[in-house]
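Below: one structure, written as structure tokens.
The values are calculated or read from the model by the stated rules, or taken from the named source; none is laboratory data. Nothing here was measured: the structure is a model prediction, and the numbers come from that model. Glycine also receives a Cβ, built like all others from the backbone with ideal geometry; neighbour counts cover every protein chain displayed. The accessibility values were calculated without ligands, DNA or RNA, using every heavy atom of the protein model including side chains. Shrake-Rupley method; radii C 1.70, N 1.55, O 1.52, S 1.80 Å.
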Amino acid sequence: MNNARNVVAVDLGAESGRLVLCRWNGADGTLEEVHRFPNGAKEVDNHLVWNVDGLWEEIQRGLLKAAAKVHGRMDSVGVDGWGIDYTLLDADGERIGDAFCYRDPRNPPAMEKVFTKISKERIYEITGIQFLPFNTIYQLAAHLEEFPEQWERATQWLTLPEYFHYKLAGVAAAEYTQASTTQLLDVHSRSWSPELAAALGLNLKKFPPIVQAGSVLGKLLPEIGSSVGLADTQVIAPACHDTGSAVAGIPFPHEGMAFISSGTWSLVGTVVLAPVVKTTPAGIKFTNEGGVAGSIRYLQNVIGLWLLQECLREWNGQGRNLTAADLAAQCMDASPDGPHFQADENTYLAPGNMVARINAGLRAAGFPEETRPPELAAIIFRSLARRYAEVVAELGKLSGKSIKRICIVGGGVKNEALNRLTERVTGLEVVRGPSESTAAGNIAVQIAALEKAVTLDQIQGISAKLKFAPSR
């Protein structure tokens, strides 16, 4: 690993995106955010959709900035983002229709209809994936029902990070960590499931070939390279799923450790080397998502700081000027005992009226209502910590792994009030990983690929040597 490299990560989130440049000197790397831009779904014709063209423009703008900083000498670029959402492509590689948001209301009804075609138990036996109404399997079923002509015209579908790889390199490929989140992948063979495709009437020929994280897709298309000031830059598929990259960015060994990728969602899990597929009521709540170097991220999706984000949107819409950081600071001494509600991922998934909905949860749990922002923030953090404790305990039982500590990564690692409550409620040591673990993991996989050293230990070793440059 003695070669100096310049690598750029495109990290897409549901609320914002950014490009992070890494200057790797052969021994360690310095990361710098070179471009950040807002993102968000918008309502079009009673559906929530993404502005895919706007995202593509921002990616190109960011690459132009990154290229200028390294005088056009960029070894590679890779894109990660949230899972599940997708776009359809026609025979000319042009997008068909809108790219729907996972929060679109079409998904829960589609999920129930899928269960009339193939049982929940059989789906879990094949995929090992937690049942969430926005999984791609249900989204595609909804798409096929509402817009059958679009599906007929399509020759291929790609998730959004994979679509941007296609725009960059002209290569259509599904990356394994991302493909696993669709609930269409056979967890045992690690290939698309013919049985699921047949049950839903989905033509398997429209499914892209699957590649592993760290696969070199090809060079940047000449027309793209010339427009952003880059030449001979490789396009490398990192762990395209952002949580896959976040876990790859953990700088600690995974032995005896659980992780919480803490942000809008909280992904609570551990790294294992083989899938854990147990069709018990507790087992089907866990998911076997693909990890780097052939590993499995055995985890559960738990509602996260979305709860506070929605309350803040409501409060600030009333003319207040509150921030998550200020509220967290006021909750530093919050007790693990006190009012709480069941922080269920389905109950609180939809946006809007979050304060009232949380108060309904408090009433159901036998506690009085609370509307004061600092007190309600403490209740949210306490409820999340209790939920984490439940999931980590079940995680150890099902995986057979002895959990000794928890590593928290992602934006939520800055929420020290929640970190402290998590440590006290779980009774486990909590270690703080990088808040920027997704970008670090994306970059670590790219460097490993360039050095032809894509193993779990080597990726973790590179991640441990990446640091963000001090802010000026």
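If you scan segment 163-176, which residues turn out to be open to solvent by 10 Å² or more (accessible area, probe 1.4 Å) and either part of a strand (DSSP E or B) or β-branched (V, I, T) (or both)?
Listed by number, the list holds a single entry, V171.
Out of the residues in segment 182-192 that are crowded, with 21+ Cβ neighbours inside 10 Å and over 15 Å from P209 (Cβ atoms), which is farthest from the chain's Cα centre (by Cα)?
This residue is V187.
Failed condition for R95, given (1) under 24 Å from E43 (Cβ atoms); (2) crowded, with 20+ Cβ neighbours inside 10 Å, with all others met?
(2)
Are there any pairs with C-beta distances below 9 angstrom linking a residue in segment 306-321 that is over 14 Å from Y348 (Cα atoms) to a residue that is of a type in the set (D, E, K, R), with the two at least 6 apart or on different chains, and if so which?
L312/R320
Conditions tested, residue by residue: (1) in contact (Cβ under 8 Å) with a residue 40 or more places away in the chain; (2) touching a Gly at 6+ places or on another chain (Cβ under 8 Å).
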site	(1), (2)
F147	yes, yes
P161	yes, yes
V171	yes, yes
R190	yes, yes
E195	yes, no
V211	no, no
E223	no, no
S227	yes, no
P251	yes, yes
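If only one of A246, A213, A179, A231 is in a loop (DSSP other than H, G, I, E, B) and buried (at least 19 other Cβ atoms within 10 Å of the Cβ), which one is it?
Of A246, A213, A179, A231, the one residue that is in a loop (DSSP other than H, G, I, E, B) and buried (at least 19 other Cβ atoms within 10 Å of the Cβ) is A213.
From the list T422, T426, which one is open to solvent by less than 50 Å² (accessible area, probe 1.4 Å), touching a Leu at 6+ places or on another chain (Cβ under 9 Å), under 18 Å from L267 (Cα atoms) and of a type in the set (S, T, N, Q)?
After ruling out the rest, the residue left standing is T422.
Within segment 340-368, work out how many residues are in contact (Cβ under 8 Å) with a residue 40 or more places away in the chain, open to solvent by 40 Å² or more (accessible area, probe 1.4 Å) and among the aliphatic types (A, V, I, L, M).
Qualifying residue count for the region: 1.
Of all residues in segment 234-243 being buried (at least 23 other Cβ atoms within 10 Å of the Cβ) and not hydrophobic (A, V, I, L, M, F, W, C), which is farthest from E58 (Cα to Cα)?
Going through the qualifying residues, I end up with T243.
Return a yes/no flag: does segment 359-376 have any residue that is under 14 Å from W306 (Cβ atoms) and among the hydrophobic types (A, V, I, L, M, F, W, C).
Checked against the condition, which is being under 14 Å from W306 (Cβ atoms) and among the hydrophobic types (A, V, I, L, M, F, W, C), segment 359-376 yields no hits at all.
Name the single residue, out of those in segment 11-36 being more than 26 Å from W50 (Cβ to Cβ) and part of a loop (DSSP other than H, G, I, E, B), that is most open to solvent (accessible area, probe 1.4 Å).
Looking at residues that are more than 26 Å from W50 (Cβ to Cβ) and part of a loop (DSSP other than H, G, I, E, B), I get N25.
Give S261, S226 a once-over and let me know the one that is touching a strand residue (DSSP E or B) at 6+ places or on another chain (Cβ under 6 Å), over 30 Å from E195 (Cα atoms) and not in a loop (DSSP other than H, G, I, E, B).
Result: S261 is the single residue among S261, S226 that is touching a strand residue (DSSP E or B) at 6+ places or on another chain (Cβ under 6 Å), over 30 Å from E195 (Cα atoms) and not in a loop (DSSP other than H, G, I, E, B).
Is it the case that G40 is farther than 30 Å from Q130 by Cα and surrounded by fewer than 17 Cβ atoms within 10 Å (Cβ to Cβ)?
No, not satisfied.
Residue-wise test of (1) among the charged types (D, E, K, R); (2) touching a Gly at 6+ places or on another chain (Cβ under 7 Å); (3) open to solvent by 10 Å² or more (accessible area, probe 1.4 Å); (4) under 27 Å from F131 (Cβ atoms).
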| site | (1), (2), (3), (4) |
| --- | --- |
| E255 | yes, no, yes, no |
| S262 | no, yes, no, yes |
| A274 | no, no, yes, yes |
| V277 | no, yes, yes, yes |
| T280 | no, no, yes, yes |
| Y298 | no, yes, no, yes |
| L308 | no, no, no, yes |
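Which of the residues belonging to segment 141-162 are among the hydroxyl-bearing types (S, T, Y) and open to solvent by 10 Å² or more (accessible area, probe 1.4 Å)?
Passing the criteria: only T155.
Is there a residue being open to solvent by 10 Å² or more (accessible area, probe 1.4 Å) and among the β-branched types (V, I, T) anywhere in segment 439-453?
no
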